[in-house]
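Here's the structure, in structure tokens; my notes come after.
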Amino acid sequence: MTNASKFAVELELKEQQLYRALIEMTQVSSVRNVLSMMIDDEQAIIARMAKLCQTDTDGACIVSDELNMPQHTLFDDIRPEEEIRSLHDSLSTYRLILRMVEGVERIYETTADRINNPQVKKAFADIIAIKRSRLDEMEDVFQFANAPNEYLEWGEFSNQTGTIFHQFGRDIG
């Protein structure tokens, strides 16, 4: 048995440990930088989740037997030694991070669905809001970093072959 705050801290620590394991396995500086930023961000989230129990009188501190970590989580499916092969730049790292943050949010949501106590359910709604905000931030960062790959103007501007617009089937010149 645990409370919502401790449940959240435990889950966030697992996520942080995975980032640390990936850092230890790579020498790619952009991957290491992104993962280091994520570790720092996770530490801030862990502190925020731990503080829920100190500031919330509505349910984050209520001990409930409904709050057990699921038998199988995304951390069982993500193997650092396999994932590291696909992390070759910051974009691939952001893709993995998005997958993980979405997975953690799903764990919170499925756990909240199992809870009957309205106060604990409200505490989980607050936790999910924190995680959803984090997911929105990560999606924005990914879209910003990926923008040059998605926009025609950038592809035309950054054409390195010397033949302007050649890559888009518009040979001009």
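The values are calculated or read from the model by the stated rules, or taken from the named source; none is laboratory data. Just so it is clear, the structure is predicted and the values come from calculations on it, not from any experiment. Quick reminder, even Gly has a Cβ in these numbers, built from the backbone with ideal geometry, and neighbours come from all protein chains shown.
Some observations on this one:
- Whichever residue in the stretch 1-10 is among the hydrophobic types (A, V, I, L, M, F, W, C) and surrounded by fewer than 23 Cβ atoms within 10 Å (Cβ to Cβ) and, among such residues, is modelled with the highest pLDDT: Val9
- When each of Ala145, Ala125 is tested for being at pLDDT 85 or above and assigned to a helix (DSSP H, G or I), the lone residue that passes is Ala125.
- Looking only at the stretch 76-108, and only at residues there that are of a type in the set (Asp, Glu) and either farther than 16 Å from Lys14 by Cα or touching a residue at least 40 places away in the same chain (Cβ under 8 Å) (or both), the one that is surrounded by the most Cβ atoms within 10 Å (Cβ to Cβ): Glu83
- Residue list for the stretch 1-52, filter: in contact (Cβ under 8 Å) with a residue 60 or more places away in the chain and in a loop (DSSP other than H, G, I, E, B): Met1, Asn3, Thr26, Val28
- Unique match (being modelled with pLDDT of 75 or more, within 20 Å of Asp140 (Cβ to Cβ) and of a type outside the set (Asp, Glu)) among Ile107, Ile45, Ile62: Ile45
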